[in-house]
Amino acid sequence: VNEPVNEPVNEPVNEPVKMAVVQAIRKTPGIGRPALMRIVGKSRATLTRILSELVAQRLVEHRGSDKTGGYFPIASAHKEAK
């Protein structure tokens with residue numbers, strides 16, 4: 001509902017956070033959400049939203065259970081981003 005209004009404001013703020021999350025996942029494959037929260041300094045809700053977007057864009061994937069699983073870079077996305 002608020003997407004058209006919020007998009008121009010939120011995108012410049014969130015893009016560096018997304019890149020930091022992707023870099024952290026590439027540096028430490030299997031990293032969990034609590035560690036990512038500490039690295040990027042964002043709330044659980046913000047990180048969950050960003051991770052959902054990254055999974056939908058097929059840049060990262062989640063493996064394992066919700067509590068103990070972690071995030072891994074997707075090999076094809078890693079090669080394309082180089």
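The values are calculated or read from the model by the stated rules, or taken from the named source; none is laboratory data. These numbers were taken from a predicted model, which means no experiment stands behind them. FYI the Cβ positions are ideal-geometry reconstructions off the backbone, even for glycines, and counts take in every protein chain you see.
On the given criteria, is ARG49 touching a Pro at 6+ places or on another chain (Cβ under 9 Å) and at pLDDT below 95? Criteria not met by ARG49.
Give the stretch 53-74 a look and list any residue that's hydroxyl-bearing (Ser, Thr, Tyr) and either part of a helix (DSSP H, G or I) or within 16 Å of LYS18 (Cβ to Cβ) (or both), or say none. Walk me through how you get there before you give the answer.
Just the residues of the stretch 53-74 that are hydroxyl-bearing (Ser, Thr, Tyr), to begin with: 65, 68, 71.
Hit for the stretch 53-74 is TYR71, nothing else.
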